[in-house]
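J.: Dropping a structure here in structure tokens format, bear with me for questions.
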Amino acid sequence: MNQVAQQATPSIAIVFHSNYGHTRRVAHAIAQGAAQLPTHLVDIANISEQDWAAMDNASLIVFGSAVYMGSITAAFKTFMDGTSKRWVARSWQGKFAAGFANSGGLSGDKLAVLQQICLFAMQHGMNWVGMPLMPTGSSEQDLNRLSSFLGLMTQSVDAPPEVTPCPGDIETAVWFGNHLAQTVLRFSKV
């Protein structure tokens, strides 16, 4: 039986690293979209035992990182390495997983980060959930303007996190959170 279906109360953990607050803002927008389920935000800069328990009990874990030099941040890699005991025990096998990446550049090699996160989830035996939202255009007001399907991509220009990522990227994050919650709910009824 699917691990998600066995859990009494489905939930989502949103795990992220954000040096300047932009990726944190995206994580909060995903949580807003997923509000129909209990969500737990995990900032890996201050991870606690309660955070680890929330991840272990979650039906779906969303992993997000800022993009540095075409890769996840060093702190996010340290977090990934810190899950090795869970990998050996297959603790997260059967859970859903999803990912998001935020960079300053329009491309910014966000795809490389989503691929890293997806491979990490596959190593854990998780089931990947992408983003099936067709792009609605390329302006800063449009949903999925960066045309990503593997996961959520957002862009932060050189400005405070209160103003960037742009409105379309934040609304895409809310849409993505709702999609993830609906996916968990759909499969929790199996």
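The values are calculated or read from the model by the stated rules, or taken from the named source; none is laboratory data. Nothing here was measured: the structure is a model prediction, and the numbers come from that model. Neighbour counts run over all protein chains shown; Cβ positions are idealised from the backbone, glycine included. Note: areas computed on protein heavy atoms with side chains; ligands, DNA, RNA excluded. Shrake-Rupley method; radii C 1.70, N 1.55, O 1.52, S 1.80 Å.
J.: Given the Cα atoms of segment 65-128, and with Rh set as the inverse mean 1/r over their pairs in the Kirkwood sense, what is Rg to Rh to two decimals?
T.: A ratio of 1.01.
J.: Same structure again: In square nanometres and to one decimal, what's the mean projected area of the convex hull around the Cα atoms of segment 18-130?
T.: Dividing the Cα hull surface by four gives the mean projection, 6.7 nm².
J.: Keeping the other protein chains in place, figure out the carbon and sulfur percent of the accessible area of the chain, with a 1.4 Å probe.
T.: C and S fraction of accessible area: 56 percent.
J.: May I pose another question? Which percentage, to the nearest 5, of the DSSP beta bridges contained in the chain is antiparallel?
T.: That works out to approximately 5 percent antiparallel.
J.: For a distance above 14 Å, tell me the whole-number percent of Cα pairs in segment 6-70 that qualify.
T.: The share of Cα pairs beyond 14 Å in segment 6-70 comes to 55 percent.
J.: Treating only the Cβ atoms of Lys and Arg (+1) and Asp and Glu (-1) as charged, compute the dipole magnitude of segment 64-123 about its Cα centre; round to the nearest 20 debye.
T.: For segment 64-123, the charge dipole is close to 260 debye.
J.: Out of all DSSP beta bridges in segment 9-79, what portion is antiparallel? Express it as a percent rounded to 5.
T.: 10 percent
J.: With only Lys, Arg, Asp and Glu charged, each at its Cβ (+1 for the first two, -1 for the last two), find how big the charge dipole of the chain is about the Cα centre; round to the nearest 20 debye.
T.: 620 debye
J.: What base-10 log of the normalised intensity I(q)/I(0) is obtained for segment 103-181 from the Debye formula, alpha carbons as equal point scatterers, at q = 0.13, 0.18, 0.19 Å⁻¹?
T.: Debye output, listed in q order: -0.40, -0.75, -0.83.
J.: Determine the distance separating the Cα centre of segment 115-186 from the Cα centre of segment 26-87; give it in Å without decimals.
T.: 15 Å
J.: Roughly how many Å² of D51 are accessible to a 1.4 Å probe, to the nearest 10?
T.: Surface open to solvent at D51 totals about 20 Å².
J.: May I ask you to give the solvent-accessible area per residue for segment 5-84, in square angstrom, as obtained with a 1.4 angstrom probe?
T.: Computed with neighbouring chains in place, this is 42 Å² per residue.
J.: Chymotrypsin sites (Phe, Trp or Tyr not before Pro), restricted to segment 92-189: which are DSSP loop and have at most 16 other Cβ atoms within 10 Å?
T.: When the chymotrypsin sites (Phe, Trp or Tyr not before Pro) of segment 92-189 are filtered for loop state and at most 16 Cβ neighbours within 10 Å, F149 remain.
J.: Tell me, what is the 1.4 Å probe accessible area of M153, in Å² to the nearest 10?
T.: We get 30 Å² for M153.
J.: May I pose another question? Assuming a viscosity of 0.890 mPa s and a temperature of 25 °C, what translational diffusion coefficient in µm² per second does Stokes-Einstein assign to the chain, Rh being the Kirkwood radius over Cα pairs?
T.: 151 µm²/s
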